[in-house]
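Below is one structure; the comments refer to it alone.
The values are calculated or read from the model by the stated rules, or taken from the named source; none is laboratory data. Worth saying up front: this structure is predicted, and the values here are computed from it rather than measured. Here the Cβ is made from the backbone with ideal geometry for all residues, glycine too, and neighbour counts use every protein chain on show. These accessible areas exclude ligands, DNA and RNA; they are computed on the full protein's heavy atoms, side chains included. Shrake-Rupley method; radii C 1.70, N 1.55, O 1.52, S 1.80 Å.
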Amino acid sequence: VKSRVWPYEEILVATDLSEPSEQALLVADRFFPTAPLTALHVADTPPASILETPALREQWRAREKAGCAGFIERSKLSAEARLRVKPLVDCGRPEVVVRRYMLEKEVDLVVVGSRRGGSLFDKRLGGVARRILEYAPADVLLIRDPRTTPREPPSH
């Protein structure tokens, strides 16, 4: 919690179109069933030749946005909930794009699915999720990767 805003009016779900991202989207819907949601997919930056050509840039953006919309459509959200989710695509470093969008749109909360990574800290939180947590100017809700299971406490 960074800004103690309640109720949340602008909610952003950062997505890489993965299972942890879907889990984040589902949790955002469950916790905030009436709030509009924006699913921001930060895609890999395309080659400069695409970015420099307006027609190619628009084709790239349309293809990526269709991928994000397909992700929302395939999710386990109800049909009603899917109508509340606006797909959005940008490219760059996820933490920078998320921060910029949060500041421009006055987003109150970003919801992020945490993925398993390589280092011990990344395994516990996830590299991109950790960077979004550090860069986000407002509250962050981190959702654990559903493929990780809590360890059983040792029996005595």
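The residues in the stretch 1-37 that are over 23 Å from G127 (Cα atoms) and within 12 Å of the chain's Cα centre (by Cα) can be counted, and the count is 1.
Among residues of the stretch 55-76 that are under 13 Å from E22 (Cβ atoms), those with a Cβ under 6 angstrom from a residue that is of a type in the set (D, E) and assigned to a helix (DSSP H, G or I), sequence gap 6+ or separate chain, pair up as S75/E22. The C-beta contact set for the stretch 97-125 (first residue in a helix (DSSP H, G or I) and open to solvent by 10 Å² or more (accessible area, probe 1.4 Å), second residue basic (K, R) and at pLDDT below 95, distance under 6 angstrom, 6+ apart or interchain) comprises K123/R116. Here L40 meets the list (1) in contact with a Leu (Cβ under 9 Å, 6 or more places away or on another chain); (2) at pLDDT 95 or above; (3) more than 21 Å from V140 (Cβ to Cβ) almost entirely, failing just condition (3). Can you pull out the residues in the stretch 8-60 that are surrounded by fewer than 16 Cβ atoms within 10 Å (Cβ to Cβ) and either part of a strand (DSSP E or B) or hydroxyl-bearing (S, T, Y) (or both)? Selection gives S18, T34, T45, S49, T53.
Of the residues making up the stretch 143-154, none is of a type outside the set (K, R), surrounded by 15 or more Cβ atoms within 10 Å (Cβ to Cβ) and either in a helix (DSSP H, G or I) or modelled with pLDDT of 95 or more (or both).
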